[in-house]
Amino acid sequence: MENELALVDWSRAQFALTALYHWLFVPLTLGLTFIVAIMETIYVKTGDIWWKNTTKFWMGLLAINFAIGLATGIIMEFEFGTNWSNYAWIVGDIFGAPLAIEGLMAFFMESTFFAVMFFGWDKVSKGMHLTSTWLVALGSNLSALWILVANGWMQHPVGMKFNPDTARNEMQNFWEVLFNPNGVSKFLHTISSGYVLASLFVIGISAWYLLKKREVLFAKRSMIVAASFGFLTSLFLLISGDESAYNVAQKQPMKLAAMEGLYHGEGKAGIVALGILKPEEEILKDPKHPFYFDIEIPNALSFLAHHSADAYVPGVNDLVYGNEEHGIESVASKMQKGKLAVQALTDYKKFKKEGNDKEAKIALKTFEKYQHVMGYGYLKEPTDAVPNVPIVFYSFHIMVGLGTWFLLLFIVVLYFSMINEIENKRLLLMLTVLTLPMGYVAQEAGWIVAEVGRQPWAIQDMLPVGMATSNISTTSVQITFWLFAVLFTALLIAEIKIMFKQIQIGPEGGH
Amino acid sequence: MNIIKKIYFLYYDGFKNMKLGKSLWLIILIKLVVMFGIVKWMFFPNHLKTNFDTDLQRGNYVLEQLTQTKEN
C-alpha cells in the first residue's frame, strides 16, 4: 500500500497547524505562572497590599490565556488516533505512561490548586495561597515535561524494544526514556523559552501603560520583576539552547546541517550568523558556497557541535552520499539495510504464521541487526532523508536572532527601570511593546526548527512520516484542516479581544 | 466548619463571584462541546479502534502496513 503524497502532506499540515496554534497559548502559561508566583511571594514577604493587586491583575491575564488555550492540545490526540494511527500504535507503549502521568497531573493540579489560586484569596491563609500558586507554576511546567519527554523520544528513541509480533515499541527502561538527553535538553530549552515569552508579555504591557502614562507605579514595578526574570531565564535559554544543539549534533546531524545551511562538511566549521541561501539547484553545483552572502563566526559551529574548535562537522552532502574519511555511512547504504530489515520483518511474520520457528528465528536475528535503520528502507531516494533546508535555516536564525535581541532588551529595560528612568525612554518603550509579538514568532520558529528539521522522520531513523499516517481519505483531512483553521483563529481573536479589554481596564479589573 | 464545607464554599463563592471568569467558563464549555461533541464525533474516529475489535488484529494490520512496500 502506498499512501498518496497529498494525504501525508495534508496530515502534516493539519498537525503543524494545530501544534502551532496550541503553542501560542502554552508558553505564556508556563512563564506567567512563575511571574505571578514571584509577585505573590513579594506580597507575602512585604505584606504590601499593592503587590497583591499587581499579582491579581497578571493572574487575570493568565486565566484568560489558560482558558482560551485549554484543550487545544487535545486536538492533536484526536489526530494521532485518526490521521496517524500507525504511528500511534507503534509508539503507544512508550507514550502511554508519560501522557497518562501528564493527564492525571494536569487534572489534579487544575481542579485543586488552580481553584485555590483563583478563588482562595482571603479564604485560605496567605501561606496556603502562595503554596498553591507555586504548585500551579511547578505543576504546569512538570506537565510540559511529559509531553517533551515523548517528543524527545521521537527524535532520539531510547529505552525501548520493538516487538515484531505486536508492531509496538515496548518500554524497557522508564528512566532511560525520562532522562533521554534529547528530551531533557528540549524540556529545559522549551520551558525557559516560555519564561522569556512571559517576561516579554509583562514588560510589553507595562511599557504600553507607561506610554499611555497610566498605572505608572504598577508598570514600573512589574517591569523590574519581569525584566529580572527575563534576563536570568534568557541566560538559561542560551545555555539550554547550546546543550540542545549539542544533542542535535550527536543524534540528528542532518538537522544540524540544515540549521546551519552546511552542505559541504568541514573542520573548524563556523556558524553563519547571518546569510542568504542560494536556490537548491545552484547549491548542488557548488555545495561549498551555498550562500549569496553570509557573516560567519569562525570555528563556532565545531565548538557548538562537538565542544572542540577544530572538530569536523558533516554537511548535508556528506550525510546523504557518505564520507569514508570521516566514517559517515551514506543514506543509500542505510536504505539497503533498511530494506533488509523490512524484508526480515516480512519473513518473520510469514514463518511464524507457517509455524516454522527455525526460519522465523533467523529472520528475527536479521531484523534485529538492521532495525535501527529500518525507516531508511521506506525511502525512495537518498535525498528523501534531507529536510527542507531553507525553512529550517531561516527559522533557526530567526529564533537565535530574536533570542539575542530579547536578552539585550531585558538588560536595557532592567537598567533603566532600576535607575527609575524607564518612563522617559519612549523609543525603548515602543520597542518593548513591538517586541512582544516577536516573542511568539521566536516560539513558533523554534518548533519549526525542531519538527521540520527532523523530517522525514516521525521516529528518528525508524519510521518516516509516510509510513506513520493512516490510510484515510485526503478530503476528510482537508475539511478538518480548514475547520481547525477557523476554530483556532476564532479562539485567537477571542483571546486577543478579551486580553485587550482587560488590559484597557487595568489592574482594578476583577477576575 | 468542617473541611468539606470549606472546600464547597471555596468553589461555590468562587464561581458565584466571578466577573471575567463567567465569560471564560462559557468559552471553555463551548469549546469542549465543539471539540468532543462535534469535531471528535464527526471527524476523528480512532482509525484502529473503529476498524478492528482486538489488539491482535490492530497489531497485525500495522505489521501489514509496515511490511508492504509502501514508500515515503
Is it the case, given these coordinates, that A:Phe500 is more than 10 Å from every other protein chain (Cβ to nearest Cβ) and within 21 Å of A:Glu215 (Cβ to Cβ)? yes
If A:Phe179 meets every condition in (1) modelled with pLDDT under 95; (2) crowded, with 22+ Cβ neighbours inside 10 Å apart from one, which number is that one? (2)
Can you find a residue in the stretch B:5-12 that is surrounded by fewer than 16 Cβ atoms within 10 Å (Cβ to Cβ), hydroxyl-bearing (Ser, Thr, Tyr), at the interface with another protein chain (Cβ under 8 Å from one of its Cβ atoms) and not in a loop (DSSP other than H, G, I, E, B)? yes
Among the residues of the stretch A:18-27, are any within 18 Å of A:Glu77 (Cα to Cα), buried (at least 16 other Cβ atoms within 10 Å of the Cβ), within 18 Å of the chain's Cα centre (by Cα) and small (Gly, Ala, Ser)? yes
So which residues in the stretch B:50-72 are within 7 Å of chain A (Cβ to nearest Cβ), outside any loop (DSSP other than H, G, I, E, B) and not hydrophobic (A, V, I, L, M, F, W, C)? B:Arg58, B:Gly59, B:Gln65, B:Thr67
In the stretch A:92-127, how many are in a loop (DSSP other than H, G, I, E, B) and touching a helix residue (DSSP H, G or I) at 6+ places or on another chain (Cβ under 7 Å)? 4
With the checklist (1) away from chain B (no Cβ under 14 Å); (2) surrounded by fewer than 23 Cβ atoms within 10 Å (Cβ to Cβ); (3) assigned to a helix (DSSP H, G or I) in hand, flag the one item A:Asn420 doesn't pass. (3)
Based on what the data block shows, is B:Leu20 closer than 20 Å to A:Ala67 by Cβ, more than 7 Å from chain A (Cβ to nearest Cβ) and either at pLDDT 80 or above or surrounded by 13 or more Cβ atoms within 10 Å (Cβ to Cβ) (or both)? no
Considering only the stretch A:287-331, state which residues are among the hydroxyl-bearing types (Ser, Thr, Tyr) and not in a helix (DSSP H, G or I). A:Tyr292, A:Ser308, A:Tyr312, A:Ser330
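Yes or no, residue by residue, for (1) free of Cβ contacts under 8 Å to residues at least 60 places away in the same chain; (2) closer than 30 Å to B:Gln65 by Cα; (3) surrounded by fewer than 16 Cβ atoms within 10 Å (Cβ to Cβ):
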| residue | (1), (2), (3) |
| --- | --- |
| A:Arg426 | no, no, yes |
| A:Val441 | yes, no, yes |
| A:Gly446 | no, no, no |
| A:Leu463 | no, yes, no |
| A:Ala468 | no, yes, no |
| A:Ile479 | yes, yes, yes |
| A:Leu483 | yes, yes, no |
| A:Leu487 | yes, no, no |
| A:Ala494 | no, no, no |
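The values are calculated or read from the model by the stated rules, or taken from the named source; none is laboratory data. This one's a predicted model, so the numbers in the text were calculated from it and none came from an experiment. Here Cβ is always computed from backbone atoms with ideal geometry, including for glycine, and neighbour counts include all displayed protein chains.
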